[in-house]
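The values are calculated or read from the model by the stated rules, or taken from the named source; none is laboratory data. Computed from a prediction, not measured in an experiment: that's the story for all the values here. Note: areas computed on protein heavy atoms with side chains; ligands, DNA, RNA excluded. Shrake-Rupley method; radii C 1.70, N 1.55, O 1.52, S 1.80 Å.
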Amino acid sequence: MKRVNIYTPFRAEIKEIEKKTADVNLYRIALPKRIKYSPGQFFMVSVWGAGEVPISITSHSAFSDGLELCVRKAGFVTSLIYNAEEGTDIWLRGPYGNGFPLDIAGNSDIVLIAGGIGMAPLRPLIYEFTNRNKKYGNVKLVYGSKYPDDVIFRDEIEVYKQMGAKVIVSVDRKNGEWDGNVGFVTDFLGSIKADMVSAVAYVCGPEIMIKNVTRDLSLMGMPHEKIITTLEAHMKCGVGKCGHCYAGCKYICTDGPVFSYKEIREYQLMQAWEDNK
Ligand SMILES: Cc1cc2nc3c(=O)[nH]c(=O)nc-3n(C[C@H](O)[C@H](O)[C@H](O)COP(=O)(O)OP(=O)(O)OC[C@H]3O[C@@H](n4cnc5c(N)ncnc54)[C@H](O)[C@@H]3O)c2cc1C
Ligand code: FES
């Protein structure tokens, strides 16, 4: 396969589509060759003639031959991806971005905090950290969604538990037959049984959730360099050329999208978080 330049995508095939919620699908994609990627990285996904969007990787290359992407119908391009059918082509560039730091986890407890579609990039971390061949600490997941019908990976919760993770699932507002937790993820941080001073946290979700969770973890005594999150920005090139994603003094696409809370504060990556003291 000959690549012409860095902006030339390669063709891949959508093998399987799994409907997860009313506006989220999981795509199992066959790659033209085996590609190594890491949790926290993303691909630029394009629909020919329509546009290109950054989408996080939700599979783990050590446990999957292909690639899994989880896409929420948000606007023009993601709606076209949402309406794509099994067997059709999709165009990809990547993997891009730095990915989650794994070494800092050591054998400390690992706290994963996900909100909505933010569960997608954290999903491969569950596979990584519950892998018994590696000497990671205990894994705790707090996973929040707006409504019960929005819990994207609801069918996998039992699997995560069998893999050894302690899981707290919550919804902001309940309806139907939901008899589980109700509240924002921040309401359940106190229920995590872990030594928060030595633990490492990986956080992903809507910006307001990340802002509040990082602040609360900090107040619980977690060192800022051990609070890891992934930031969203409007992206065009994905490779540090166009400047669309520039924040503070960093390119979110190449320096990130994963940053520690320490870096976010130090480089003022999120101006709107200035009240996070
Ligand atoms: C590193 C990264 C990883 C991402 N991973 C995923 C993922 O795994 N799954 C997923 O469903 N989405 C993910 N997103 C968000 C996704 O890229 C946007 O939803 C998409 O670009 C919207 O494009 P569109 O053409 O469908 O919408 P548009 O028609 O362009 O816009 C629709 C709405 O979405 C907003 N929007 C556009 N781009 C972004 C963006 N980058 N971030 C936030 N809001 C945006 C617009 O302001 C507008 O309100 C990720 C974004 C980034 C930066
Ligand atoms: S998206 Fe172009 S520089 Fe980051």
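General remarks:
- Cross-link partners for residue 236 among the lysines, with Cα-Cα distance under 17 Å and sequence neighbours closer than 8 places in the same chain left out: 250.
- With every protein chain in place, the chain: carbon and sulfur % of accessible area (1.4 Å): 49
- Net lengthening on full extension, residue 157/residue 76 (0.36 nm per residue, minus Cα-Cα): 26.1 nm
- Solvent-accessible heavy-atom area per residue, rounded to whole Å², over the chain at 1.4 Å: 48
- For residue 262, a cut-off of 16 angstrom between C-alpha atoms picks up these aspartates and glutamates, skipping any fewer than 8 places away in its own chain: 216, 225, 274, 275.
- Put simply, the convex hull of the Cα atoms in segment 10-96 casts, on average, a shadow of 5.1 nm².
- Entry for the chain at q = 0.16 Å⁻¹: log10 I(q)/I(0) = -1.34, Debye formula applied to identical alpha-carbon scatterers, no solvent contribution.
- Length-normalised contact order of the chain in % [C-alpha pairs under 8 Å, at least 6 apart]: 16
- Alpha carbon convex hull of segment 218-277, volume per residue in cubic angstrom: 71
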